[in-house]
1. For region 134-213, build the charge dipole from Cβ charges (+1 Lys, Arg; -1 Asp, Glu) around the Cα centre, then report which of 175, 192, 152 sits farthest towards its positive end.
2. At residue 271 and residue 316, where each label point lies 7 Å from the Cα along Cα→Cβ, what is the point-to-point distance in nanometres?
3. Which residue, 47, 100, 32, has the largest displacement toward the positive end of the dipole of region 1-126 when charges sit on each Cβ (Lys, Arg +1; Asp, Glu -1)?
4. Show the residues, 5+ positions off or on another chain, whose built amide H is closer than 5 Å to the amide H of residue 95.
5. Report, by chain and number, residues whose modeled amide H sits under 5 Å from the one on residue 307, excluding near sequence neighbours (fewer than 5 apart, same chain).
6. Quick one: length gained pulling residue 225 to residue 176 fully straight, 0.36 nm per residue minus the C-alpha distance?
7. What's the magnitude of the charge dipole for the chain around its Cα centre, counting Lys and Arg as +1 and Asp and Glu as -1 at the beta-carbon? Answer in Debye, nearest 20.
8. At 222 nm, what helix-only mean residue ellipticity would the chain give, in deg cm²/dmol to the nearest 500, using -39500 (n - 2.57) for each DSSP H run of four or more?
Amino acid sequence: MAALTHIPVLLNECLAGLQIKPEGTYIDGTFGRGGHSRAILSQLGPQGRLIGLDRDLTAVAVGQELAAADARFAIVHTPFSRIHDVAADLGLLGKVDGILLDIGVSSPQLDDGARGFSFDKDGPLDMRMDQSAEKSAATVVATYDEKQLAYIFKVYGEERFASKVARAIVKRRENAPFTSTKDLAQVIAAAIPGKPGPKHKATRCFQALRIEVNAELDELKSALEGSLSVLAPGGRLCVISFHSLEDRIVKNFMRDQSSGPKIPSHIPLTAAQLDELRAQSATLDIVSAAQKASDEELAHNVRARSATLRVAQRLNYQPEVVSQSQEG
Ligand SMILES: C[S@@+](CC[C@H](N)C(=O)[O-])C[C@H]1O[C@@H](n2cnc3c(N)ncnc32)[C@H](O)[C@@H]1O
């Protein structure tokens, strides 16, 4: 069973980033096996509250056990892109002191061959984080045309040989459909020139398929946007990402929200007016840029090596003030 556990990454850094108040209200948008959630609960007092979200039904079942044992905790089966709606339903808009997103897949998802995320464990071509969702990796591999496949391998996998891989998949499926992860991994590896290196040749394409199946980048963008109306002034947003595509989205979002609106240069405003406008309209303050796992953490959890944590704080944004000053 050890293989189906998950070691929370950057745990101390997340707790420091969230600046937990004992009476505060927090959202763990990626409950997983609850490693971060349990640590947050250990710092909350009796009046504190934590809402866990996950779209994986197995993670939700673990969350339900925790909720039964701890009245301060509740779990919701939902994609985290719905964070605004979930908070609205709970009467928590603008009242949440911290949100954690530890995005990507959990170790139990990766390690269970039956979930179909891994190329080195044979299993069905699945890759759905939410087992009740319709689109699986098998759907993508069987129905996307060559151009669509090449696009996702290139853009989501940053695979140099995206077109070759797409062509090989389409050619092969004309004779026999793909049914297993190993079968697909072999065809992908054979289409990529060069000798095998330390990383399996199918790594990038498997990442791309997973992102496509679970709409991971759109999910992240919606959750970041949604977090702005959920956080209380001073509330913290902590996001851990595991690859550069995600980290770029988080970094750009935090940068844009902390720098206020882009004012075209022909608009006649003084430098002081520009500063004031920016100060009034920025929604976030960056608390910490990219934090990586320490050597000590890496020594006991190799999966933390690609994790990057960014932390921002919600500013006391008042949209009316901006529109008044724009009118004046
Ligand atoms: C890296 S694990 C989180 C592990 C967790 N922090 C822990 O300590 O156990 C990511 C979890 O987030 C979930 N997840 C990923 N994307 C999601 C999304 N868009 N909406 C909801 N849950 C998501 C996955 O199902 C997985 O359980």
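1. 192
2. It works out to 2.8 nm between the two label points.
3. The residue sitting farthest along the positive end of the dipole is 47.
4. Long-range HN contacts for residue 95: 232.
5. Counting only residues 5 or more places away or on other chains, the set is 293.
6. Working it through step by step, the gained length comes to 13.4 nm.
7. 1080
8. It comes out at -13500 deg cm²/dmol, rounded to the nearest 500.
The numbers here are math on the coordinates, done by the rules we state, and not lab data. The shown structure was predicted, so the numbers you read here are calculated from the model rather than taken from an experiment. Cβ sites come from the backbone with ideal geometry, for glycine too, and all protein chains shown count toward neighbours.
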